[in-house]
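Heads up: the structure comes next, in structure tokens.
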Amino acid sequence: KDKRGVTCQHVTVHRIRAKRLAKLVLYGCKIGNYEYVDKPLGFGDHSGNEFEIVLRGVDPSTVENVERAVLSLESSGTINYYGLQRFGNYGTTGGTHQIGMKLLRGEWQDTIDALLLPREGERADVAAARAKWVETKDPAATLKILPRWCSAERCVLERMTKVRSTDLVGCLLAVPRQIRLMYIHAYQAYV
């Protein structure tokens, strides 16, 4: 659904005028329905998800099976399965649920390792940065090649460049609270 879905999302942006947002060009996105509000959206402020599923290319001979399945969903619901979007696709080392488990256990070094060590199947630029970390344990050198969108990793490494890298808790606290909570919520969903 996520790959082909047509979705909408409410967001708040701090101190940006609607005129400026209207000029923003985002690939595959349209921005609109602006409204000025007194407080930003917070975690849990959405009232939930609602899905409208469109089936295309249904073989007419299977329409009866589809109708039965829809009636079953309507009466019984479905299992709320959390997949890769919640857990990540990095198995036992860097999955978000694994990071959450390590955080809850107070395994600070293991948590940082789960964030920074190499993972299978990653993009080449991220893999190169992780390899640099393994090779040098130099946060500044790793930061130079780590993509900007690797925000949690960047927070830890930036903190390491400013304070003693032995302050593991301080390095993890540099990761924004919402991201840290996401790791814990992923583990909660996993359990």
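Somewhere in the range 111-123, is a residue of a type in the set (S, T, N, Q), in contact (Cβ under 8 Å) with a residue 40 or more places away in the chain and within 20 Å of Arg159 (Cβ to Cβ)? Within the range 111-123 (the criterion being of a type in the set (S, T, N, Q), in contact (Cβ under 8 Å) with a residue 40 or more places away in the chain and within 20 Å of Arg159 (Cβ to Cβ)), the answer is yes, since at least one residue qualifies.
Report the residue count in the range 1-27 for those that are farther than 26 Å from Ile184 by Cα, of a type in the set (A, V, I, L, M, F, W, C) and open to solvent by less than 100 Å² (accessible area, probe 1.4 Å). Adding up the residues that qualify gives 6.
When the criteria are applied in full, Leu117 meets the requirement of being of a type in the set (A, V, I, L, M), more than 27 Å from Phe43 (Cβ to Cβ) and modelled with pLDDT under 95.
Of all residues in the range 28-60, those that are among the hydroxyl-bearing types (Ser, Thr, Tyr) and surrounded by 10 or more Cβ atoms within 10 Å (Cβ to Cβ) total 1.
Taking Thr12, is it modelled with pLDDT of 90 or more, of a type in the set (Ser, Thr, Tyr) and outside any helix (DSSP H, G or I)? Answer is yes for this residue. Can you tell me which residue within the range 133-172, out of those that are buried (at least 19 other Cβ atoms within 10 Å of the Cβ) and β-branched (Val, Ile, Thr), is nearest to Ala114 (Cα to Cα)? Applying the filter and picking the extreme gives Val156. Pairs please, first residue from the range 29-44 and hydroxyl-bearing (Ser, Thr, Tyr), second anywhere and surrounded by 10 or more Cβ atoms within 10 Å (Cβ to Cβ), Cβ atoms under 7 Å, 6+ apart in sequence or on different chains. Qualifying pairs under 7 Å: Tyr34/Ala18; Tyr34/Leu21.
The values are calculated or read from the model by the stated rules, or taken from the named source; none is laboratory data. Here the structure is a predicted model, which is why all the values come from computation and not from measurement. Cβ sites come from the backbone with ideal geometry, for glycine too, and all protein chains shown count toward neighbours. All accessible areas refer to the heavy atoms of the entire protein, side chains included, with ligands and DNA or RNA removed. Shrake-Rupley method; radii C 1.70, N 1.55, O 1.52, S 1.80 Å.
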